1. Which residues, counting only those in the stretch A:393-439, are part of a loop (DSSP other than H, G, I, E, B), more than 14 Å from every other protein chain (Cβ to nearest Cβ) and over 30 Å from the mean Cα position of the chain (by Cα)?
2. Residues that are modelled with pLDDT of 85 or more and open to solvent by less than 40 Å² (accessible area, probe 1.4 Å): which strands (runs of 3 or more DSSP E) entirely in the stretch A:203-255 hold 3 or more of them?
3. Please enumerate the residues belonging to the stretch A:321-345 that are out of contact with any Ser or Thr (no Cβ under 8 Å at 6 or more places or on another chain) and open to solvent by less than 30 Å² (accessible area, probe 1.4 Å).
4. Among (1) at pLDDT below 90; (2) under 22 Å from B:His357 (Cα atoms), there is one condition B:Met315 misses while meeting the rest; what is its number?
5. Among (1) touching a residue at least 60 places away in the same chain (Cβ under 8 Å); (2) assigned to a loop (DSSP other than H, G, I, E, B); (3) within 31 Å of the chain's Cα centre (by Cα); (4) more than 14 Å from chain B (Cβ to nearest Cβ), where does A:Val296 come up short?
6. So, in the stretch A:109-160, how many residues would count as being part of a loop (DSSP other than H, G, I, E, B) and either within 14 Å of chain B (Cβ to nearest Cβ) or within 23 Å of the chain's Cα centre (by Cα) (or both)?
7. Name every residue in the stretch A:310-332 that is under 20 Å from A:Leu381 (Cα atoms) and not charged (D, E, K, R), in order of residue number.
8. Does the stretch B:361-387 hold any residues that are in contact with a Pro (Cβ under 9 Å, 6 or more places away or on another chain), of a type outside the set (Ser, Thr, Tyr) and closer than 25 Å to B:Tyr290 by Cβ, and which are they?
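The values are calculated or read from the model by the stated rules, or taken from the named source; none is laboratory data. Just so it is clear, the model here is predicted, and its values are computed rather than measured. Glycine also receives a Cβ, built like all others from the backbone with ideal geometry; neighbour counts cover every protein chain displayed. The protein model used for the area step is the full one, side chains on, heavy atoms only, and it has no ligands, DNA or RNA in it. Shrake-Rupley method; radii C 1.70, N 1.55, O 1.52, S 1.80 Å.
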Amino acid sequence: MVFEKELLPTLNEWLLNSGGLWLLVVAALSATAVVLGLVFQLIRFGPRAALRSVGQVIGNFFGDVLGISPRRVAALAALAVKESIRRRVLYVFVVFALLLAFAGWFLDPRSDNPAKLYLTFLLNAVSFLSLVMAVVLSATSLPADLKNRTIQTVVTKPVRATEIVLGRILGFSFTGTLLLLAMALPSYVFVYRTLSHSHAIDAASMVEVRNVPGALQGRTSSVNGHAHDFTVDAQGLGRTVVEQGHWHRVSSEQVGGQTRYVVGPPEDQLTAKVPVYGQLTFVSRDGTPADKGINVGNEWTYLSYIDGATRAAAIWTFDGVTPDRFPDGLPVEMNLKVFRTYKGDIEKTILGSIKLRRALPPMPATKDETQRRDAMIQRQLERASQPTSEPKNFFVQEYKTDQVVFPRKLNDSSGKEIDLFEVLAPDGRIEVEVQCLQGGQYFGMAQPDVYLRAAYAPFWLNYLKCFSGVWLQMVLVTAFGVMFSTFLSAPVALLATLSVMAAGYFNVVDTMIEYGLGRNLGGGIAESAVRLFLQSNLTTPLESGWGTTFVKLFDAVTMPFLVVVASILPDLNQFNHVPFVANGYDIPNQVMALRLLAALGYFIPLAIVGYLFFRNREVAV
Amino acid sequence: MERGTFYRRVAYLICIAMLLLPLSYLAQPSAAGKPGASGGGGLLARMRSDYHLSQTNLGELDPASETIKLASLGMHGVAANILWLKSNEYKMKQNWTALSATLEQITKLQPNFIAVWRHQAWNLAYNVSVEFDDYRDRYDWVKRGIKFLRDGIDYNLREPRLWWDHGWFIGYKIGRSDEHKQFRKLFLADDDYHGDRPIEERDNWLVGRESFLEAQRLVDDEGVILRGMNPVLFHINPTMWLLNYAAQQEEEGQFADAIKHWQRAQADLLRYEARELPGPDSKPLRLRDYAPVLERQQKLLDELEALDPGLQERMRQEKIAGLSADERAAYLKPDEERNDQEHRLAADAAGKVFVTHEEVGRRIDPDKRSASGLNPEELATQISELRIQASILDSYRTQVNLDYWLTRCEAESDPLAVEARKAIFEGNEAYDRLELALARQKFEEGIAGWRKVLDKYPSTVTDAITGSELMEMIKRYRAILRQDGITELPDDFLLNDIVAEHEPRDPTPRESEIPKQPKE
């Protein structure tokens, strides 16, 4: 699985950095609002009136917030739910049913990993549908009520503006939740049913395995464009090799004096591995430490390579390696890539070795690059004296997960038996070192490619977690929609919410920031427009003159604004946990917690801003 | 005023009604398929069917494709562009599952865009497949590329280029990759791909040939125009695949039907030689006419000469006499004595003194008639035409190496060649098992056998393909000789001519070749 951004920070780190930043932004925004309000009132009515009216607004706000009655919010939310049902929101479900019915047309069950394909497609479809629904519902409801004056029936009752705004957001979110739940179950059944299959075995075509008495091998029939090779032992029990990301158990039964072989359901297809990730560093071919390996010429620099039969190595450091977490020894899983500089033996894969080592204490953080290098070299020297396990050799299977299990009792590098946890991980920290053993051949890897498999989480739970990510997206978009609808007319609110959604969903935010900071070729908005018009190439400098100066000036003034807007927009992709589920990894609870916090970080200011705007509309006063 | 508006509206209505008539004539849908109707429909419908442009004529109608086109509301071009960019990104980021799914979507959006099918099939079979380390995975991706083409063919039944690519991938990618041994084995055992096809017909060259033949059938029988491909190469391919099949069978030690395979290929080659191919001026020509054309050209040249013996040479001398003094001097000087200036002058002069047949024809008395009853000018024109024809035929024949393959078929269907190859094959096997004495004996049998073949078919000596095959064997034979203490090939080595012709030139001189410094 690919994590192009840095692996997750811990909750504390996040709270310290992002949480602090959030507080700062909220405080700055509030202060700006108060100051602006003061200035306007000052110009219009003089200092005393200004102070009074601003004070009143603040006072009202706290009154409205503290006076929120859950009962009234619930009643208003129920009203919003009723309204959404009246507005035929259930049509979304019809679209979804259609999608399920015809998904088979567009998805190829013979793909090399159908589980990934199906899950990605379905979960993305669900998330997209629910977002579109959230946008339409939330952005058009209030303006319609205001226009029809049906809002009067509500505001004339003793309700607070906070309650109306919150009631809308919660009510629409509740409808969305129901719909999401209604879509979750059928899609689960759909994926499960389309992927479950079995193969037949023709007992006559099986042949004996050389050197293993009684064992037989053969190939299953082909279903969904794949067949498995398999072996069975003398008892008639065995398993197939992995194809399309799964394998089957094989058992035998006697029918009328003849042995019949039965293939079980697919295994490891819908799983949720719980990985423990480590920190990756490299050793280069001459034995010096390095932050990265070699690039073998790929445009994509995500993978780093180490060369074979040299001192080059990739070293992962893991925390939390304790006997109660790994009672049966240490299962290391690897997804390594191979790069060959010559073909070698085509039928054989490349040989690698893996060993465990007691980890050095964490490196003290330093900003000074020379000091850091020195520390790294010092550590590399110290590594040699750390207790190390006997290396295990393995043949790398690309695009399949290689597993090496280190038992609790194992030999150290001198052949003496040791206890894994007592000797190699006394403080719960351990290093895993991988090397390529064949000269001229390379292994490629990134940080998440080697991990310890702590456990298997139930797949359905992981699936639900993924849906909760979709749910958070939906709630956020609803909050945006309601917020916009408190002061914009229906079409404009719709457009604004759609833009927020599109920016977050299609990952425009990063691009906007890149543009805003002037990191891309071709300049900012005005300059790009000029270039487009002149059909000028991105790298040619524009002719100097007052026109160009003006264009550049314009960009210099406007682009920081773009950065600010982009930085405030939510990155909805963050909440997209589909890759975890599709690749069969458990979504870490910590990720869930971080996302929930991030969503709350948006939700609270949005509700407040929505309240302030709504409160100041004529109708609500 | 009111009335004016009313009349204007009526006038509009009448105009609309009248415009409907030509519209109906043009655009009435085809009635084909309905009971009792025979094609027909409006002009557009008929033209569509005449030019094979309607979707049903192009190939399979796929509901998924039609739905997705409809759902993109006419923006499927834009959508395809976006998907194309995405597919590039997926390829860069090695997300193969997403890549193949995206390609599927692109082709669903624009199923009749041939370049997409060709480009992306190549991408899958050639560029993506090599990213995998396990040769079985690689085979799987080659097969995906092939299947992708096959899907493209289903949408575009009348597209010979797709059939041709299909045949090329099955033949060349499976049969000529570094992994061809493994690929061919996997292909042979691939029940998923072959279905009920009997095992003896599963060879990749034979299967690929079927696609080539289908491509050829479209061009020959259905009148589909071959675009963007050289017909000379296009039509030789089914035959080339038979030749490769025959050669590969021997390479893999299958000698039982070797002669039969080569004879079959030869017969096919002769049919190709007799096939009508479009010439540069679209006039059909046949490669087998080369010898008769040369013969006829010679005959007419003789006739022209007979009308006024020695005339051409006399005219040349006249022209030489007409050159300027400098030019003449330079022209008459032997080549190695000319300086730069004289080289240029001589080259100009050579052009000036050249006497064409037409000039000769015009000089002869127009009332004279040759042995075949032609007047001199007709004779000269025909000779020029024949010269052009011969040079075209010659270049076509060279393009496909026709003479080599004809000789090779003849040589290989000779039992002598089969025996020699068999001996070398057994020698190679013994060599791999390190039974060097046996290997040497077998190689020597093979060398003796090849000597006989080369003597019988001398033109094969200079051929690069035979040369490299034999040099491979000679390299191993030399290695065995070195084991036996013999460092150089003997002077009476039977294949010395092959070694002399094909041994790669070593830039560093051998020790024996370094001139010895005289001792002080």
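1. Passing the criteria: A:Pro407, A:Arg408, A:Ser413, A:Ser414, A:Gly415, A:Lys416, A:Ala425, A:Pro426, A:Asp427, A:Leu437, A:Gly439.
2. Details: elements: A:216-219, A:229-232, A:238-240, A:247-255.
Where strands (runs of 3 or more DSSP E) fall fully within the stretch A:203-255 and carry at least 3 residues being modelled with pLDDT of 85 or more and open to solvent by less than 40 Å² (accessible area, probe 1.4 Å), they are A:247-255.
3. Going through the stretch A:321-345, the residues out of contact with any Ser or Thr (no Cβ under 8 Å at 6 or more places or on another chain) turn out to be A:321-332, A:336-337, A:339-345.
Scanning the stretch A:321-345 gives A:Val321, A:Phe326, A:Gly329, A:Leu330, A:Pro331, A:Val332, A:Leu336.
4. Tallying (1) at pLDDT below 90; (2) under 22 Å from B:His357 (Cα atoms), B:Met315 fails exactly one: (1).
5. Evaluating A:Val296 over (1) touching a residue at least 60 places away in the same chain (Cβ under 8 Å); (2) assigned to a loop (DSSP other than H, G, I, E, B); (3) within 31 Å of the chain's Cα centre (by Cα); (4) more than 14 Å from chain B (Cβ to nearest Cβ) leaves (4) as the failure.
6. First, the residues of the stretch A:109-160 that are part of a loop (DSSP other than H, G, I, E, B): A:109-113, A:149-150, A:156-160.
Subsequent filtering for residues that are either within 14 Å of chain B (Cβ to nearest Cβ) or within 23 Å of the chain's Cα centre (by Cα) (or both) retains A:109-113.
So the answer is 5.
7. Keep residues of the stretch A:310-332 that are under 20 Å from A:Leu381 (Cα atoms), which gives A:310-318.
Correct list: A:Thr310, A:Ala312, A:Ala313, A:Ala314, A:Ile315, A:Trp316, A:Thr317, A:Phe318.
8. Across the stretch B:361-387, the qualifying residue is only B:Gly361.
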